[in-house]
Amino acid sequence: MPTSAVPTRSELIEHLIRTRIAGDVATPRENNLSHYRELANGNRYYWLGLEFGERWADEQDVLAVMAERCGVDEDPGHRRGQDTIDPELTVDGLERAARLLRKAVLGRQRVLVATGHPGGLLDVHARTAAALQAAGCELIRVPLGLTADEGVVAQLAGVAMYERGATLWHTHSPQPMAEILDALPREGAGLPDLVVADHGWAGYAAEQGINTIGYADCNDPALFLAEAEGTLSVCVPLDDHVANPRYYEPMTAYLLEAAGLPHPG
């Protein structure tokens, strides 16, 4: 499939499975379960900026949500080896996200796009940001000089990211998003109407009551739990760092087409 073409739903599902964005993914079962356990045990690193209290203190409850909303194996006895993401759920999530993007355009909303996974999802977010801006949304400009976690908050191609030592870093931390949302009112700017992000960037924004679309891997349960609770607007399940970032291009084209947004053709 040409990466610029807009696939049908069935073509996209085949592509997701072939490239391991969904289907039999690279993240092993034991890694998934260890993350579910850490979240249930109250390790805030795995809460991604959300506040769960004691609501998810049972690892089996977390697994049940992940089976329902992400498509991992529901069997608690499956402890090692292959795990899965249901590609139908991935596309369902993209279609729900598209409805929010379309609403943002109709309302000329102010949108903040951010990623903690610049090595995998940067192009997905950059294309989404460009399409929203071309359709009339206001892309929020991140105030200059923000620091977090011994690095800086940068913005490239309309996407906020974490930079440290002249390098863009993979981060689960909610702190960069916290710095942005704290700074915007000080700069005389309002908070975003919509956030499109992942990891702690999405979790923190959703916890502040902002409509948020979040991409999440099967070992990042917090965003799925937040969607189940109604805190996060949409969670799209996918492997967030496959072998080649260009594999995400048909998925992005499908998202933008479903939202009625311009996209490279």
All conditions in (1) free of Cβ contacts under 8 Å to residues at least 60 places away in the same chain; (2) more than 20 Å from CYS235 (Cα to Cα); (3) of a type outside the set (Ser, Thr, Tyr) are true of MET161 except (2)
Contact list, first residue from the stretch 77-103 and among the small types (Gly, Ala, Ser), second anywhere and assigned to a helix (DSSP H, G or I), beta-carbon distance below 7 Å, six or more apart or interchain, is GLY81/ARG29; ALA97/LEU255; ALA98/LEU255; ALA98/ALA258
Residue count, the stretch 226-257, condition closer than 14 Å to ALA197 by Cβ and charged (D, E, K, R), comes to 2
One residue from LEU168, LEU139, LEU156 being at negative phi and touching a residue at least 40 places away in the same chain (Cβ under 8 Å): LEU168
Which residues, counting only those in the stretch 176-198, are over 14 Å from HIS117 (Cα atoms) and within 16 Å of the chain's Cα centre (by Cα)? LEU194, VAL195
Suppose we filter GLU51, GLU74 for residues that are within 21 Å of ALA26 (Cβ to Cβ), surrounded by fewer than 13 Cβ atoms within 10 Å (Cβ to Cβ) and at pLDDT 95 or above; which single one remains? GLU74
Among (1) closer than 20 Å to GLU229 by Cα; (2) touching a residue at least 24 places away in the same chain (Cβ under 8 Å); (3) surrounded by 19 or more Cβ atoms within 10 Å (Cβ to Cβ) - the single one TYR45 does not satisfy: (3)
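Yes or no, residue by residue, for (1) of a type in the set (Phe, Trp, Tyr); (2) touching a helix residue (DSSP H, G or I) at 6+ places or on another chain (Cβ under 8 Å); (3) closer than 21 Å to ARG44 by Cβ:
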residue	(1), (2), (3)
VAL142	no, yes, no
THR147	no, yes, yes
GLU150	no, no, yes
GLY200	no, yes, yes
ILE213	no, yes, no
ALA222	no, yes, yes
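Here's the yes/no breakdown for (1) β-branched (Val, Ile, Thr); (2) at pLDDT below 95:
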residue	(1), (2)
GLU138	no, no
ARG141	no, no
VAL153	yes, no
GLU187	no, yes
PRO192	no, no
ASP198	no, no
ALA202	no, no
Can you tell me how many residues in the stretch 29-60 are of a type in the set (Asp, Glu) and touching a Leu at 6+ places or on another chain (Cβ under 8 Å)? 1
So ILE21 passes all but one of these: (1) surrounded by fewer than 19 Cβ atoms within 10 Å (Cβ to Cβ); (2) at pLDDT 95 or above; (3) not aromatic (Phe, Trp, Tyr). Which condition number does it fail? (1)
Where in the stretch 1-115 are the helices (runs of 4 or more DSSP H), entirely inside, with at least 2 residues that are farther than 19 Å from TYR215 by Cα and either touching an Asp or Glu at 6+ places or on another chain (Cβ under 6 Å) or of a type in the set (S, T, N, Q) (or both)? 29-40
Regarding ARG127, is this residue of a type in the set (Lys, Arg), within 18 Å of the chain's Cα centre (by Cα) and either in a helix (DSSP H, G or I) or at negative phi (or both)? yes
Among the residues of the stretch 92-108 satisfying the criterion of being crowded, with 21+ Cβ neighbours inside 10 Å and either closer than 15 Å to LEU232 by Cα or not small (Gly, Ala, Ser) (or both), which is farthest from the chain's Cα centre (by Cα)? LEU101
Filtering the stretch 30-39 down to residues that are more than 19 Å from GLY116 (Cβ to Cβ) and buried (at least 21 other Cβ atoms within 10 Å of the Cβ) yields LEU33, TYR36
Taking ASP86 as the residue in question, decide whether it is within 17 Å of the chain's Cα centre (by Cα), surrounded by fewer than 20 Cβ atoms within 10 Å (Cβ to Cβ), modelled with pLDDT of 95 or more and charged (D, E, K, R). no
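The values are calculated or read from the model by the stated rules, or taken from the named source; none is laboratory data. Not measured: the values here are computed from a predicted model. Cβ atoms come from the backbone with ideal geometry, glycine included; neighbour counts cover every protein chain shown.
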